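The values are calculated or read from the model by the stated rules, or taken from the named source; none is laboratory data. Small disclaimer: the values here were computed from a predicted structure and weren't measured. Here the Cβ positions follow ideal geometry from the backbone for every residue, glycine too, while neighbour counts run over all protein chains shown. Side chains are part of the model used for accessible areas, which takes the heavy atoms of the whole protein and leaves out ligands, DNA and RNA. Shrake-Rupley method; radii C 1.70, N 1.55, O 1.52, S 1.80 Å.
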Amino acid sequence: MYDFGLVFSVLHAIPTMALTREQIASIATLARLDLTPSEIPVYQDSLSRILEFIGALERADTADVTPMAHPLPGLTQRLRPDLVTETDHHELYQQNAPLTAAGLYLVPKVIE
Amino acid sequence: MSALHSHTLTQLADGLRRKRFSSVELVGEFLARIEKSQPRLNAFISVAAPAALEAARAADRALASGAAAALTGVPIVHKDIFCTAGVRTTCGSRMLENFVAPYDATVVAKLKGAGAITLGKTNMDEFAMGSSNENSYFGPVRNPWNPQLVPGGSSGGSAAAVAARLAPGATGTDTGGSIRQPAALCGITGMKPTYGRVSRYGMIAFASSLDQGGTLTATAADAALMLREMAGFDPRDSTSVDTPVPDYVAALEEPIAGLRIGVLGEFFDKGLDADNERCVREALKVLEGLGAKVRQVSLPNLPLSVPVYYVVAPAECSSNLARYDGVRFGHRCENPRDLNDLYRRSRGEGFGAEVKRRIMTGTYVLSAGYYDAYYLKAQRVRSLINADFIRAFDSVDVLIGPTTPTPAFPIGAKTDDPITMYLNDIYTIGANLAGLPAISVPCGFAHELPVGLQIVGPHFSEARVLGTAHAFQRATDWHTRIPVGYA
């Protein structure tokens, strides 16, 4: 039903659902990524190609198929006893912080 | 014993115990090779020379007193995705250029506990996203077989280091082929265990339902030795599996006569280089000569594994990488106007082009209105692919085919088109989607470059996968080839 040739052929397909500049800007906003004006057309092109590529999934018949969220079927998430296992290491951890004062992480003013 | 670097990890561990050389000698020789190779290969992001030599002196004392563990005094290197207390962990990114982890990853701690000595941290594609090691903030890694070519990725530094004999063993991670593909392109052995077999604690997350740590070594026997020490249950990884670790080394010698090998028809398609195919077909004949039974099998949904992967992996990546916000650790932009500007510019500056591409792809497929069409659909097709594998393993013990469609390609050849790059992993991604153990071993040369043979087994069949690879390596000498200039 499927073959790799089909997947390879997508390489040469013209994206049918090209993303607009506005859509790229909107995705970047959702992802909290600042893009330069020159980056936008690059992502317009490559994301459109990627969406076209993953669009191959549409052809698969998945009626009544359960989505697989975990590679080991049947494995359930463990619970552990609700005990304190970590001690206070904030000084060590804050050595990696860009900006701290008095043991607190500093960010720009949030509330006017 | 001269030229210690040309020996396998297993031989070196044995030689140390027999006191044929010291750990200080061994570590010194490898550190000198790393330093000399660095301008040519760029396989390392950080080298921990003083700490390694100090650990070697301690190892020699332990060996002298008879208190040695399995890997006491053996030098190894870690992919720079594993957190190492006291040595920076960058994940190949500007975002973590100055990050020093406050703790060791479980893999690092276990190997240290077994006596291994860390020489340094290897270069990689940023956040393990890439198949050529061209996406590193610290520059590309070059293939020891030909410096104009890529080593593969994302564990490209680990693969190049082992191929050039800068270390006898390295850790790596494999989300869609990131151990097996560079191992194939560099002519070494790369082992990805079953999902959940090796702890992900302290291994920087890319796609949590796919990521799995493993080994890059010269031989399958070395992989068995390293994996035996790395694997096991870890309560700090919620997907770690609580089943005992077999002695993979002891299991290596089990005969493969009667082994049922399935050959995937889907893998021998027009994308496969003719010389790669020739090497793989000859390797199958070698295994048949050892008594294995080869039959053709079909996994009809497998060709959809790359599109499934490029929904699932970016989706999980966009979620995992949300933690890099410029507040608690990682890169922060200068003079943020407000909190949103802090997030957006820190992330825009800290992440490279491919990481941003995947975050945006993931954000899109998870966004309102598209979740069902892309993400849920991909998870359904993932179920079909998994069912194909389970069905195949009803009638065969292992599946064998090529690791990659082609040998190593030139630096810059595929950087313009992400999809062409993504298709490098067309044969390896299936094992990640289904969580299966898989190994790549050298099986010949095409265009004077190494070719990899991939062996995939059912869940938790590492011993059989390693044993099959070991039997192949007892019958062939491809794994002993060392690139010119590094012998």
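Some observations on this one:
- Unique residue being surrounded by fewer than 24 Cβ atoms within 10 Å (Cβ to Cβ) and touching a Ser or Thr at 6+ places or on another chain (Cβ under 8 Å) when the list is B:PRO140, B:PRO147: B:PRO140
- Hits in region B:431-448 - residues which are buried (at least 22 other Cβ atoms within 10 Å of the Cβ), more than 17 Å from B:THR219 (Cβ to Cβ) and more than 15 Å from the chain's Cα centre (by Cα): B:LEU433, B:ALA434
- Index of the failed condition, B:ASN133 passing every other in (1) over 24 Å from B:ASP325 (Cβ atoms); (2) under 16 Å from the mean Cα position of the chain (by Cα); (3) outside any loop (DSSP other than H, G, I, E, B): (3)
- Region B:322-346: number of residues that are more than 7 Å from chain A (Cβ to nearest Cβ), surrounded by 15 or more Cβ atoms within 10 Å (Cβ to Cβ) and in a loop (DSSP other than H, G, I, E, B): 5
- Summed over region A:47-64, residues that are of a type outside the set (A, V, I, L, M, F, W, C), assigned to a helix (DSSP H, G or I), facing chain B (nearest Cβ under 8 Å) and under 19 Å from B:ASP388 (Cα atoms) total 1.
- When B:GLY326 is tested against (1) on the phi > 0 side of the Ramachandran plot; (2) without any contact (Cβ under 8 Å) to a residue 24 or more places away in the chain, just one condition goes unmet, and that condition is (2).
- Residue count, region B:190-205 (criterion: touching a Leu at 6+ places or on another chain (Cβ under 7 Å) and not aliphatic (A, V, I, L, M)): 5
- Whichever residue in region B:210-238 is among the polar types (S, T, N, Q) and open to solvent by less than 10 Å² (accessible area, probe 1.4 Å) and, among such residues, is nearest to the other protein chains (Cβ to nearest Cβ): B:GLN212
- The helices (runs of 4 or more DSSP H) falling completely within region B:1-120 that include 2 or more residues that are within 30 Å of A:THR87 (Cα to Cα) map to B:49-64, B:106-113.
- Subset of region A:66-92 that is modelled with pLDDT of 90 or more and closer than 30 Å to B:LEU384 by Cβ - its residue that is least open to solvent (accessible area, probe 1.4 Å): A:MET68
- Looking across region B:59-88, the residues that are under 18 Å from B:VAL47 (Cα atoms), crowded, with 24+ Cβ neighbours inside 10 Å and not aromatic (Phe, Trp, Tyr) come down to B:GLY73, B:VAL74, B:PRO75, B:ILE76, B:VAL77, B:HIS78, B:LYS79, B:ASP80, B:ILE81, B:CYS83, B:THR84.
- Sole residue being touching a residue at least 24 places away in the same chain (Cβ under 8 Å), under 26 Å from B:GLU316 (Cβ atoms), within 17 Å of the chain's Cα centre (by Cα) and more than 8 Å from chain B (Cβ to nearest Cβ), chosen from A:GLN23, A:GLN44: A:GLN44
- Only listed residue being closer than 25 Å to B:ALA163 by Cβ, small (Gly, Ala, Ser), touching a Lys or Arg at 6+ places or on another chain (Cβ under 6 Å) and open to solvent by less than 20 Å² (accessible area, probe 1.4 Å), chosen from B:SER46, B:SER37: B:SER46
- Residue within region B:410-428 that is open to solvent by less than 10 Å² (accessible area, probe 1.4 Å) and either among the small types (Gly, Ala, Ser) or touching a Cys at 6+ places or on another chain (Cβ under 8 Å) (or both) present: no
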